[in-house]
1. What is the calculated FRET efficiency for Glu67 to Phe3, with r their C-beta to C-beta distance and R₀ = 35 Å, to the nearest 0.05?
2. Below 14 angstrom from the Cβ of Ile54, what's the summed charge of the other residues (Lys, Arg +1; Asp, Glu -1)?
3. With a 1.4 Å probe and every protein chain left in place, work out the accessible area per residue of the stretch 1-44 in Å², rounded to a whole number.
4. What does the charge count near Asp28 come to, summing +1 for each Lys or Arg and -1 for each Asp or Glu among other residues with Cβ under 12 Å from its Cβ?
5. With Cβ to Cβ distances under 15 Å as the rule, what net charge do the other residues near Glu127 carry (K, R +1; D, E -1)?
6. Which percent of the accessible area of the chain is formed by carbon and sulfur heavy atoms (probe 1.4 angstrom)?
7. So for the stretch 75-135, averaging the separation of alpha carbon pairs under 8 Å that are six or more residues apart and normalising by length, what relative contact order in percent results?
8. Take the Cα radius of gyration of the chain and divide it by 2.2 N^0.38 Å, with N its residue count; two decimals is plenty.
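The values are calculated or read from the model by the stated rules, or taken from the named source; none is laboratory data. Just so it is clear, the structure is predicted and the values come from calculations on it, not from any experiment. Glycine gets a Cβ as well: all are built from the backbone with ideal geometry, and neighbour counts include every protein chain shown. Heads up: the accessible areas ignore ligands, DNA and RNA and are worked out on the full protein's heavy atoms, side chains in. Shrake-Rupley method; radii C 1.70, N 1.55, O 1.52, S 1.80 Å.
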Amino acid sequence: MIFRRKGMQGQRIESLVSLLDLSPTVVDLLGLSPAPDWEGEPIISSDAAERDFILLETFCRGNCTFEHRPVYLGIRSKTHKYIWKEYRDPSDKISPDGHQLYDLVSDPEEQNNLYRPDHPVAAGFDEIIAERLAEIPEVSPERIFAAFGQKGQDAVRRIRGG
């Protein structure tokens, strides 16, 4: 994205940013304060600069019904990209089966899928994804347990209690 305002100096933003940051950035450039309940941050803020990762969520084909569709989540750090699928949606004719993990430093074109369940980067990202799923009331604890086993059970206890 390119933002331009009179008197603004050009700069490249190296922070991890998402579309959630768009509105807070525009409002910040106008000299206003973002709404306190917005999830994003202005892209030039220290909060955005200090991010270790961004989390992405979607459903294949855009149908947002948790009961009938698998959840796809992704994590992007400065060094890795991880794509996690609860299972491959039957209408998904593009993506490969299974999870995908790429080292963006040595493989910026994402040609070599490094995913294996015991990969240390994937294991850490799995914990983040299990916690995010536990924050979504429409995703049952049973689905989280099925996907992550003990890690999922721990995430549900931390987020939902019990």
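1. 0.30
2. -3
3. That works out to 83 Å² for each residue.
4. -2
5. Here the charged neighbours net out to -2.
6. In the chain, the share of accessible area belonging to carbon and sulfur is 52 percent.
7. Reported relative contact order: 27 percent.
8. My calculation over the Cα atoms of the chain gives 1.18.
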